[in-house]
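Here the structure is laid out as structure tokens; the discussion comes afterwards.
The values are calculated or read from the model by the stated rules, or taken from the named source; none is laboratory data. From a predicted model like this one, the values you see are computed outputs, not experimental measurements. Cβ sites come from the backbone with ideal geometry, for glycine too, and all protein chains shown count toward neighbours.
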Amino acid sequence: MTHCKNNSFKSECLSEYKAERRNNTMSKLIIKQGLKGFTLVELLIVMAIIGILTAIAVPVFVGQREKAKIRTVEATAKGAVSELQGYLDAFAGGEPFITIMYDGTEACVESISAANNGKTCWKIYNQSAAFQYSSIDDIVNLFVDNRHAKKEKSPCTPSWDMFQKTTRSNIQECTIFVEKSPSSNAVNIEVYGLSTTTAITSYMVVSR
């Protein structure tokens, strides 16, 4: 506003000066409004919305995680069925086979009548037998010990072995219980999820 130094333009300068002051005042007001913080009511509304979203999302997330644990147990059980079938077929034929013992060592096991039928660990695998089986219960023990040696743990309780045997008191969440079936030469596999009293699925594996 250099031209305002000339007295002939005082009225014009005064108008421009007032307009400039008015603009500056509006700018400061806008800046102050922009720097204004949240009110208590606004904060409470935001917190309430976050609480509602959390209440919806958390159960869904937890539910999906539990379903994933159960799917893991079911998939493991399906894979174990074919392995157990091999154990039972060897038992039915009096064949020796290689397994992993509870202590983690790989060993050959043979039928108690191997010396009579000629199907010995030494003849088939060129190694001595670490154990001689004579019953389905022996096969169940060898099978479960093999799964223990693989460090398969319950996804619900990692300190607990996923495969259990012998007594039903050992059944925990996300475990697989293996026992001899009342039927001859058969083994039951029961899969447990979040309930320890009702199996979510079961398999009967019969020697061929």
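Data for the structure
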read-out	value
Members of the range 86-111 that are of a type in the set (A, V, I, L, M), within 19 Å of residue 206 (Cβ to Cβ) and crowded, with 19+ Cβ neighbours inside 10 Å	88, 90
Residue in the range 169-185 that is assigned to a strand (DSSP E or B), of a type in the set (S, T, N, Q) and modelled with pLDDT of 95 or more present	yes
Sole exception among (1) under 41 Å from the mean Cα position of the chain (by Cα); (2) buried (at least 17 other Cβ atoms within 10 Å of the Cβ) for residue 114, by number	(1)
Count of residues meeting criterion [closer than 15 Å to residue 84 by Cα and within 18 Å of the chain's Cα centre (by Cα)] in the range 188-207	1
Residue in the range 143-161 that is nearest to the chain's Cα centre (by Cα), counting only those that are assigned to a loop (DSSP other than H, G, I, E, B) and farther than 19 Å from residue 87 by Cα	155
Within the range 178-200, tally of residues that are surrounded by 14 or more Cβ atoms within 10 Å (Cβ to Cβ) and under 15 Å from residue 70 (Cβ atoms)	7
Tally, over the range 186-208, of residues that are in contact with a helix residue (DSSP H, G or I) (Cβ under 8 Å, 6 or more places away or on another chain), under 17 Å from residue 72 (Cα atoms) and assigned to a strand (DSSP E or B)	5
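Let's see how each residue does on (1) modelled with pLDDT under 85; (2) in a helix (DSSP H, G or I); (3) under 30 Å from residue 113 (Cα atoms):
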{"site": "12", "(1), (2), (3)": "yes, yes, no"}
{"site": "36", "(1), (2), (3)": "yes, no, no"}
{"site": "42", "(1), (2), (3)": "yes, yes, no"}
{"site": "48", "(1), (2), (3)": "yes, yes, no"}
{"site": "51", "(1), (2), (3)": "yes, yes, no"}
{"site": "73", "(1), (2), (3)": "no, yes, no"}
{"site": "78", "(1), (2), (3)": "no, yes, no"}
